[in-house]
Amino acid sequence: MSTLIEVDKKNILRKVMSIVGQAHNEVLATMDIDEEIRNPLKEEYFFLLKKMIEKGVIMKRLAFGRKINFKKFNNGHDIKNKNYHCVLASTQNYRRMILVDRKNLFFALEADGKRRFFFTKDAKYIKKFTEYFLAELEKSKKI
């Protein structure tokens with residue numbers, strides 16, 4: 001029995017925001033900074049992140065891409081709060097993911113030039129993506 005639920009691309013942001021809005025402790029997220037510059041997410045998403053950070057949720061973002069775009073992104077979304085950490089990854093081993101309270105995981109897979117989005121609460125997937133995130137974060141040596 002599959003423990004993955006595929007989420008339609010047109011609904012992914014709404015679903016992610018719903019789960020992020022329920023966070024109590026921590027959100028771990030990756031992002032393709034170059035893609036974010038080309039196709040920015042809606043401001044309501046960043047408003048929600050700021051709101052959750054102000055409530056005490058720790059937000060760790062790992063950005064993959066070019067340093068110039070990382071600086072550009074940070075200038076537009078500068079969040080000054082001890083609960084917010086956004087660092088540029090030292091590798092290009094990018095996997096799209098967002099993990100809320102280490103219980104709710106969204107991730108994307110690409111095949112044949114098509115991106116598919118998934119949601120799971122399955123511990124084996126959460127363990128795998130948590131290990132990936134923490135290993136990439138450790139390589140960056142910035143948090």
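The values are calculated or read from the model by the stated rules, or taken from the named source; none is laboratory data. Everything numeric here is computed off the predicted structure, so don't read it as measured data. Please note: Cβ atoms are built from the backbone with ideal geometry, for glycine as well, and neighbour counts cover all protein chains shown.
Kindly provide the set of residues from region 24-45 that are aromatic (Phe, Trp, Tyr) and either at pLDDT 95 or above or closer than 13 Å to Cys86 by Cα (or both), ordered by number. Walk me through how you get there before you give the answer.
Looking only at region 24-45, we keep the residues that are aromatic (Phe, Trp, Tyr), and these are 45.
Once the filter is applied, which keeps residues that are aromatic (Phe, Trp, Tyr) and either at pLDDT 95 or above or closer than 13 Å to Cys86 by Cα (or both), region 24-45 yields nothing.
Return the pairs, sorted by first residue and then second, in which the second residue is of a type in the set (Val, Ile, Thr) and part of a strand (DSSP E or B), the first residue lies in region 112-125 and is under 15 Å from Val16 (Cβ atoms), the beta carbons are less than 7 Å apart, and the residues are 6+ apart or on different chains.
What qualifies is Phe117/Val7; Phe118/Ile5; Phe118/Val7; Phe119/Ile5; Phe119/Val7; Thr120/Ile5.
Select from region 131-143 the residues that are in contact with a Ser or Thr (Cβ under 8 Å, 6 or more places away or on another chain) and either more than 15 Å from Met31 (Cα to Cα) or assigned to a strand (DSSP E or B) (or both) and list them in ascending order.
The answer is Lys139, Lys141.
Can you list residue pairs whose Cβ atoms sit under 7 Å apart, with the first residue in region 1-20 being closer than 19 Å to Asp101 by Cβ and the second being of a type in the set (A, V, I, L, M) and part of a strand (DSSP E or B)? Count only pairs 6 or more apart in sequence or on different chains.
Listed by first residue and then by second, the contacts come to Lys15/Val7; Val16/Ile98; Ile19/Val100; Val20/Val27; Val20/Val100.
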